[in-house]
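Chemist: There's a structure below that I have some questions on.
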Amino acid sequence: MKTLLLMRHAKSAWNDPADDHDRPLNKRGMRAAPRMGKLLRELGLVPDFIVSSTAVRAIETARIVAAESGYAGIIREDPSLYLAPPEAYIAAARRLRKQVQRPLLVGHNPGIESLLRLLTAVDLHVPTAAIAKVEMDDIPWSELDLSPRGRLDAFWKPKELPEL
């Protein structure tokens, strides 16, 4: 089995004058992202590869989660994931090396929610900084499609986690 971790970026600053792509995380996002990274480390779910949308809020989330989880690899910044539909996430996953067993994809709604629903047949609202753990059939990433091949194994929202 492979594990696919799907994460919506942490909360961003709507009052920032930057355009949508360049909005940074706000204070709540800066608290939630490290907590989610620590959660992955505590659960032994450190990703072995991270792919993120190029939006500032997504990259900041990915970098913080990487640092707090103990992930020391590169973060692939993928412009096709900015406000992307599920097909773009599938395409990004299909480009993963076959050795990757636990990737983390960091992106946006509604794409993350739609992808989760298509892969698992589970309809969930994915709030900012939430992470879904999807157990996948052990097929090569290059063969992944939008068929419901996964099982939602866990779902974490930062608001539901205890403070450290």
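Chemist: What do you reckon, is Leu96 within 14 Å of Ser52 (Cα to Cα), touching a Pro at 6+ places or on another chain (Cβ under 9 Å) and without any contact (Cβ under 8 Å) to a residue 60 or more places away in the chain?
Modeler: yes
Chemist: For Ala84, are the conditions met, namely being surrounded by 14 or more Cβ atoms within 10 Å (Cβ to Cβ), closer than 17 Å to Val51 by Cβ, out of contact with any Phe, Trp or Tyr (no Cβ under 9 Å at 6 or more places or on another chain) and without any contact (Cβ under 8 Å) to a residue 12 or more places away in the chain?
Modeler: Spelling it out, it is not the case that Ala84 is surrounded by 14 or more Cβ atoms within 10 Å (Cβ to Cβ), closer than 17 Å to Val51 by Cβ, out of contact with any Phe, Trp or Tyr (no Cβ under 9 Å at 6 or more places or on another chain) and without any contact (Cβ under 8 Å) to a residue 12 or more places away in the chain.
Chemist: I'd like to check something: does segment 96-109 contain any residue that is exposed (fewer than 13 other Cβ atoms within 10 Å of the Cβ), touching a Leu at 6+ places or on another chain (Cβ under 9 Å) and either within 28 Å of Arg23 (Cβ to Cβ) or among the small types (Gly, Ala, Ser) (or both)?
Modeler: No, because not a single residue in segment 96-109 is exposed (fewer than 13 other Cβ atoms within 10 Å of the Cβ), touching a Leu at 6+ places or on another chain (Cβ under 9 Å) and either within 28 Å of Arg23 (Cβ to Cβ) or among the small types (Gly, Ala, Ser) (or both).
Chemist: Hey, another quick one. Would a scan of segment 48-61 turn up a residue that is within 18 Å of Leu6 (Cβ to Cβ), β-branched (Val, Ile, Thr), touching a helix residue (DSSP H, G or I) at 6+ places or on another chain (Cβ under 8 Å) and not in a strand (DSSP E or B)?
Modeler: yes
Chemist: Filter segment 1-41 down to the residues that are within 25 Å of Pro162 (Cβ to Cβ) and more than 17 Å from the chain's Cα centre (by Cα), then identify the one that is surrounded by the most Cβ atoms within 10 Å (Cβ to Cβ).
Modeler: So, considering only residues that are within 25 Å of Pro162 (Cβ to Cβ) and more than 17 Å from the chain's Cα centre (by Cα), the one surrounded by the most Cβ atoms within 10 Å (Cβ to Cβ) is Asn26.
Chemist: Inside segment 93-110, can you point out the residues that are under 12 Å from the mean Cα position of the chain (by Cα) and either in a strand (DSSP E or B) or among the polar types (S, T, N, Q) (or both)?
Modeler: Pro103, Leu104, Leu105, Val106, Gly107, Asn109
Chemist: Considering only residues that are loosely packed, with under 14 Cβ neighbours inside 10 Å and part of a loop (DSSP other than H, G, I, E, B), which ones fall in segment 111-145?
Modeler: Ala121, Asp123, His125, Asp137, Asp138, Ile139, Pro140, Asp145 - these are the residues of segment 111-145 that are loosely packed, with under 14 Cβ neighbours inside 10 Å and part of a loop (DSSP other than H, G, I, E, B).
Any read-out appearing in this document is the output of simple, stated calculations on the displayed coordinates, not a laboratory observation. No experiment lies behind these values; they were computed from the predicted model shown. With ideal geometry, Cβ positions are generated from the backbone for all residues, glycine too; neighbour counts draw on all protein chains shown.
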